[in-house]
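**Q** Here it is, the structure, as structure tokens.
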Amino acid sequence: MNKRSVYIETYGCQMNVNDSEVVAAILNDVGFAYTEDITQAHLILLNTCSIREHAENRVFQRLHEIKKLRSENPALLIGVIGCMAERLRDQLFDNDLLADIVAGPDSYRNLPELVTIAQNSKKAINTHLSETETYADISPYRVGNNRISSFVSIMRGCNNFCSYCIVPYTRGRERSRDAESIIQEIETLQQTGYKEVTLLGQNVNSYAFTQGKNTTNFAQLLEKIAQKFPHIRIRFTTSHPKDMGEDVVHVMARHANIGRWIHLPVQSGSTSVLSRMNRKYTREEYLQKIAKLREILPEVSITSDILCGFSNESEEEHADTLSLMREVGYDLAYMFKYSERPGTLASQKMPDNVPEEVKIRRLNEIITLQNSISKTQNAADIGKIFEVLVEGRSKKDENELKGRNSQNKTVIFPKGNAKVGDFVNVRITASTSATLIGELVE
Ligand code: SAH
Ligand code: SF4
Ligand code: F3S
């Protein structure tokens, strides 16, 4: 019994990456060793994402592949966890998909029990969403080779209901994790040699943890962590433009160990589209925030998510997105075309009426523009010296190391005497749209 092992494959966002580590810890406690070899596993879990149809299709495909493993090993258990589990529930028991276990994002503590039920050849499901679960007391089992940089969840869920987005339905209501348990987790990471943590939430700016009469907001939490861990580089994501306050930027300015990077997804550069998306800010308000941010933190890098082809998006509205991108000059952006998600407000009230070929063309225009902006932004770094946290060997050349600077840009350089986990100074000598290339400064 105690020689069982679990293999977990993770899709979707960083929250899911961190959740898989929570799941690995919960299962480890009941005797499931974590394995990276799927053929050795007694239990295979797919931690899934519902954000776009394409993300779900990949998981369906994968479930079909995994079926073959089961024909070789009838005792193998297959579980679908995460956002697709929450959205599709018992549909995942379909004869064609053959899941044995379905567990939503708030029912991971229940997994050992679900496994037992499934072992008795019964379908095991729990998709109950909680208003309080934060897994605060669970010390995540850190997965993968990277022992330098880690995610730390500070909140779960989302209350924003952007009209296109499935997350509030799959993740439930927003709740913040006990500040002390967050600090405790970072303490443990520091003791194990970690050098960087990224605080995670769908909207970190609305973090609010109340105990008795005291509420800790995000700026206060960030400052507490920055002060307590001067040798750890601290990052956070995602910030929501409607909630991102100046107080957070001032905290960043006061503490050099907070990464000079803000991910501030705009989605669209058109106020009318933003209103249909229920984003609760205008183009002008967004641009003012960016101006203020750069005034207080001139060296900050700014990244974004951009979503094109939303309901009724006109050519003019699309052009507004392109012009906003030029005006802001993002260092990097994640770019998507709209994918209607069943159950969202948009799916009920707003027709998905931009033709696919128009979506593709607009997305290509956005990608081409962003590539050229990233190239220019990165070229402006040539000659600068950055502190880089070394994370590993570069993929292409084993004499080169790769790491990231405070701005969260990837930097590659000949290794010299530097080691993984060191903070080193690197002078930038060349760049591409995706990377900075440099040399060690002694
Ligand atoms: N909480 C974060 C983002 C979470 S989802 C935020 O508010 O910014 C990550 C990104 O996926 C979103 O920023 C959006 O650009 C994209 N996205 C969300 N729903 C989508 C949909 N229905 N179709 C295409 N892209 C979507
Ligand atoms: Fe989705 Fe909006 Fe919440 Fe982000 S803020 S997770 S886009 S609903
Ligand atoms: Fe996907 Fe769920 Fe994250 S839908 S983006 S895995 S919160």
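**Q** Expected output is a single nm value to one decimal: the length gained when fully extending between His128 and Glu356, i.e. 0.36 nm times separation in residues minus the C-alpha distance. What is it?
**A** Gain on extension, His128 to Glu356, equals 78.5 nm.
**Q** Which percent of Cα pairs goes in each bin when the distances of the chain are cut into 20 angstrom slices starting at zero?
**A** 24, 56, 20, 0
**Q** Subtracting the Cα-Cα distance from 0.36 nm times the residue separation, let me have the gained length for Leu440 to Glu180 in nm, one decimal.
**A** 89.8 nm is the gain from fully extending Leu440 to Glu180.
**Q** Let me ask another. Any chance you could check the Cα centroid distance between region 401-435 and region 32-63 for me, in angstrom?
**A** Region 401-435 and region 32-63 have Cα centres separated by 33 Å.
**Q** Hey, which lysines would be in cross-link range of Lys67, C-alpha to C-alpha under 28 Å, not counting anything within fewer than 8 residues on its own chain?
**A** Lys67 reaches Lys3, Lys122, Lys123.
**Q** Now a separate question. Output the Kirkwood hydrodynamic radius of region 385-440, Cα pairs only, in Å rounded to one decimal.
**A** In region 385-440 this quantity evaluates to 10.6 Å.
**Q** Sorting Val23, Val248 on the 10 Å Cβ count, fewest up front, what's the list?
**A** Val248, Val23
**Q** Compute the FRET efficiency between Glu285 and Asp94 as 1/(1 + (r/R0)^6), taking r as their Cβ-Cβ distance and R0 = 45 Å, and round to the nearest 0.05.
**A** About 0.50, to the nearest 0.05.
**Q** Ok, one more. Using only helices, what value at 222 nm comes out for the chain when you add -39,500 (n - 2.57) per DSSP H run of length 4 or more and divide by the total residues, to the nearest 500 deg cm²/dmol?
**A** The helix contribution divided over the chain gives -10500 deg cm²/dmol.
**Q** Here is a further query. Which one, Tyr338, Val80, Met252, projects farthest toward the positive side of the charge dipole computed for the chain from Cβ point charges (K/R +1, D/E -1)?
**A** The listed residue farthest towards the positive side: Met252.
**Q** Label Ala75 and Asn257 with points 7 Å out from Cα along Cα→Cβ: what is the distance between them in nm?
**A** 4.8 nm
**Q** Let me ask something else about it. Across region 149-379, how large is the tail of the calculated P(r) beyond 31 Å, expressed as a percent of all Cα pairs?
**A** That tail contains 26 percent of the Cα-Cα pairs.
**Q** Could you give the dipole magnitude of region 385-440 about its Cα centre, charging the beta-carbon of Lys and Arg +1 and that of Asp and Glu -1, in debye to the nearest 20?
**A** Computed charge dipole of region 385-440: roughly 120 debye.
**Q** Further question on the same structure: Pop a pseudo-label 7 angstrom from the Cα along the beta-carbon direction at both Ser433 and Gln348 and give the gap in nm to one decimal.
**A** So the label points at Ser433 and Gln348 sit 4.0 nm apart.
**Q** List the pairs from Lys375/Lys409; Lys195/Lys409; Lys224/Lys289; Lys384/Lys409; Lys195/Lys396; Lys337/Lys359 whose alpha-carbon separation is above 18 Å, in the order I gave them.
**A** Listed pairs above 18 Å: Lys224/Lys289; Lys195/Lys396.
**Q** May I ask you to compute the full-extension gain from Asn214 to Glu365, defined as 0.36 nm times their residue separation minus their alpha-carbon distance, rounded to one decimal in nm?
**A** Difference between extended and current length: 49.5 nm.
**Q** I would also like to ask the following. Against the globular-protein guess of 2.2 N^0.38 Å, express the Cα radius of gyration of region 1-73 as a ratio, rounded to two decimals.
**A** The reported ratio for this selection is 1.15.
**Q** List the cysteines in the chain whose Cβ has no other cysteine Cβ under 4.7 Å from it.
**A** Flagged as lacking a Cys partner: Cys13, Cys49, Cys83, Cys158, Cys308.
**Q** Counting Lys and Arg as +1 and Asp and Glu as -1, what is the net charge of the other residues whose Cβ lies under 13 Å from the Cβ of Asn257?
**A** Here the charged neighbours net out to +4.
**Q** Can you sort Thr132, Thr170, Thr216, Thr188 from fewest to most other Cβ atoms within 10 Å of each residue's own Cβ?
**A** The most exposed by this proxy come first: Thr132, Thr188, Thr216, Thr170.
**Q** Rounded to the nearest 0.05, what FRET efficiency do His54 and Gln227 give with R0 = 35 Å and r taken as the Cβ-Cβ distance? Could you check?
**A** The value I calculate is 0.25.
**Q** Taking the Cα centre of the chain as the origin and placing charges on Cβ (Lys, Arg +1; Asp, Glu -1), which of Leu287, Ser121, Ala430 is farthest toward the positive end of the dipole?
**A** Looking along the dipole axis, the top candidate is Ala430.
**Q** Quick check on the exposure proxy: order Tyr207, Tyr334 from fewest to most C-beta atoms within 10 angstrom.
**A** Tyr334, Tyr207
**Q** If eta is 1.002 mPa s and T is 20 °C, what Stokes-Einstein diffusion coefficient results for region 36-144, Kirkwood Rh from Cα pairs, in µm²/s?
**A** 148 µm²/s
**Q** For the chain, with only Lys/Arg (+1) and Asp/Glu (-1) charged at the beta-carbon, what is the dipole magnitude about the Cα centre, in debye rounded to 20?
**A** 320 debye
Values quoted throughout were computed directly from the atomic coordinates according to the rules given, and no laboratory measurement underlies them. All of these numbers come straight from a predicted model, not from anything done at the bench. Glycine gets a Cβ as well: all are built from the backbone with ideal geometry, and neighbour counts include every protein chain shown.
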